[in-house]
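Colleague: First the structure, which I've put down as structure tokens, then a few questions once you've had a look.
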Amino acid sequence: MITELKTRMMETVEGAVKCEALPEDSWTEMSFPSLIKLMRFRVDRYSLEGFGKLMTMHTTTKMGMELLTMSFMPSSGLTVPYLLVDAMTMKEKRCVFVEYYGCGNTSLVNDPLEELYETYRLLPDYSEKPNWYVSERESYSLIKTGTESQLTSMAVDSVKAYLSMIPSAHEDEEYKKQLTAFRQRMIDEGNPSSSTLHLLLGKVGTERFMKQVVMPIDGEVLPEDRDKRGSKWIV
């Protein structure tokens with residue numbers, strides 16, 4: 001399911017907006033532990049014209065679990081919610097999370113997302129553990145289980161509806177600050193991938209990964225990332 005879902009999702013993205021793959025780097029291929037490789041990670045990054053950045057992380061494990069994370073970050077402060085899609089399969093178990101975060105901004109474009117929620121709201125809810133970010137999600141988020149075809153349709157339709165809002169949105173510098181603050185909470189208080197990323201990258205590496213790869217902000221200077229000549233790297 002995961003490989004097909006990733007293909008369908010990327011076809012949807014490329015059909016909705018100009019999508020440019022960013023160069024591969026040290027984040028692209030990772031594994032844990034480094035010798036036995038019980039978990040393998042493939043990370044791809046894209047620039048979406050008029051929107052911001054997209055990251056996909058496809059995780060495969062020796063235990064039979066497979067995961068896909070897609071982070072749609074309105075890096076320029078475009079007034080749409082931050083979208084995080086997580087999909088998981090393990091044996092007969094499967095679920096898809098379509099998570100929208102307004103990051104404290106109550107004036108974001110979201111009408112297509114509320115309409116789509118009505119289409120899929122009756123799918124069985126996936127039972128998850130309580131966490132701080134659950135209460136931060138927008139009410140039209142979809143945390144569901146179901147058949148492979150149902151979940152694939154839900155994810156694809158969600159991304160299609162989400163990207164359809166780009167022409168109606170505008171860039172907002174205050175929203176960039178709200179996104180930055182929310183990202184810091186995801187780093188400090190934890191997020192769905194925290195435990196895995198800490199094993200893979202450690203605390204400092206996880207923070208860098210969140211800032212550079214998962215939730216980059218346009219024009220942001222990251223002080224910990226300077227080359228040997230002292231010049232600054234800008235996301």
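The values are calculated or read from the model by the stated rules, or taken from the named source; none is laboratory data. Computed from a predicted model, the values in this text were never measured in an experiment. Don't worry about glycine lacking a Cβ; one is built from the backbone with ideal geometry, like all the others, and counts go over all protein chains shown.
Colleague: Is there a residue being under 18 Å from LEU78 (Cβ atoms) and assigned to a loop (DSSP other than H, G, I, E, B) anywhere in the range 193-215?
Modeller: yes
Colleague: Just name the residue that is surrounded by the fewest Cβ atoms within 10 Å (Cβ to Cβ) out of those in the range 146-167 that are in contact with a strand residue (DSSP E or B) (Cβ under 9 Å, 6 or more places away or on another chain) and β-branched (Val, Ile, Thr).
Modeller: THR147
Colleague: Within the range 178-189, take every residue that is loosely packed, with under 15 Cβ neighbours inside 10 Å and out of contact with any helix residue (DSSP H, G or I) (no Cβ under 8 Å at 6 or more places or on another chain) and give me the one that is farthest from MET10 (Cα to Cα).
Modeller: ASP188
Colleague: Go through the range 54-105 and give me each residue that's of a type in the set (Phe, Trp, Tyr) and either farther than 20 Å from ARG8 by Cα or surrounded by 22 or more Cβ atoms within 10 Å (Cβ to Cβ) (or both).
Modeller: PHE72, TYR82, TYR100, TYR101 - these are the residues of the range 54-105 that are of a type in the set (Phe, Trp, Tyr) and either farther than 20 Å from ARG8 by Cα or surrounded by 22 or more Cβ atoms within 10 Å (Cβ to Cβ) (or both).
Colleague: In addition: Please tell me if SER158 is hydroxyl-bearing (Ser, Thr, Tyr), part of a helix (DSSP H, G or I), within 16 Å of the chain's Cα centre (by Cα) and at pLDDT 95 or above.
Modeller: When the stated conditions are applied, SER158 passes them.
Colleague: Here are the criteria: (1) modelled with pLDDT of 95 or more; (2) in contact with a strand residue (DSSP E or B) (Cβ under 6 Å, 6 or more places away or on another chain); (3) not β-branched (Val, Ile, Thr). Tell me which single one PHE41 does not satisfy.
Modeller: For PHE41, the failing item is (1).
Colleague: Restricting attention to the range 127-136, report how many residues are surrounded by 13 or more Cβ atoms within 10 Å (Cβ to Cβ) and either of a type in the set (Ser, Thr, Tyr) or assigned to a strand (DSSP E or B) (or both).
Modeller: Counting residues in the range 127-136 that are surrounded by 13 or more Cβ atoms within 10 Å (Cβ to Cβ) and either of a type in the set (Ser, Thr, Tyr) or assigned to a strand (DSSP E or B) (or both) gives 1.
Colleague: Could I ask something else about it? Say we look at the range 17-40 and pick out the residues that are within 19 Å of the chain's Cα centre (by Cα) and of a type in the set (Lys, Arg); which of these is surrounded by the most Cβ atoms within 10 Å (Cβ to Cβ)?
Modeller: Checked the range 17-40; the qualifying residue surrounded by the most Cβ atoms within 10 Å (Cβ to Cβ) is ARG40.
Colleague: Right, next: Does GLU224 meet the test of being of a type in the set (Asp, Glu), surrounded by 14 or more Cβ atoms within 10 Å (Cβ to Cβ), modelled with pLDDT under 95 and farther than 20 Å from GLY102 by Cα?
Modeller: no
Colleague: Could you grab the pairs with beta carbons closer than 6 Å, sequence gap of 6+ or different chains, first residue in the range 125-143 and under 12 Å from PRO81 (Cα atoms), second one of a type in the set (Ser, Thr, Tyr) and surrounded by 10 or more Cβ atoms within 10 Å (Cβ to Cβ)?
Modeller: If the second residue must be of a type in the set (Ser, Thr, Tyr) and surrounded by 10 or more Cβ atoms within 10 Å (Cβ to Cβ), the pairs left are GLU136/TYR101; GLU138/TYR100; TYR140/TYR117; SER141/TYR100.
Colleague: Follow-up. Name the single residue that is farthest from SER127 (Cα to Cα) among those in the range 42-99 being of a type in the set (Ser, Thr, Tyr) and within 10 Å of the chain's Cα centre (by Cα).
Modeller: Only one residue tops the list, namely THR56.
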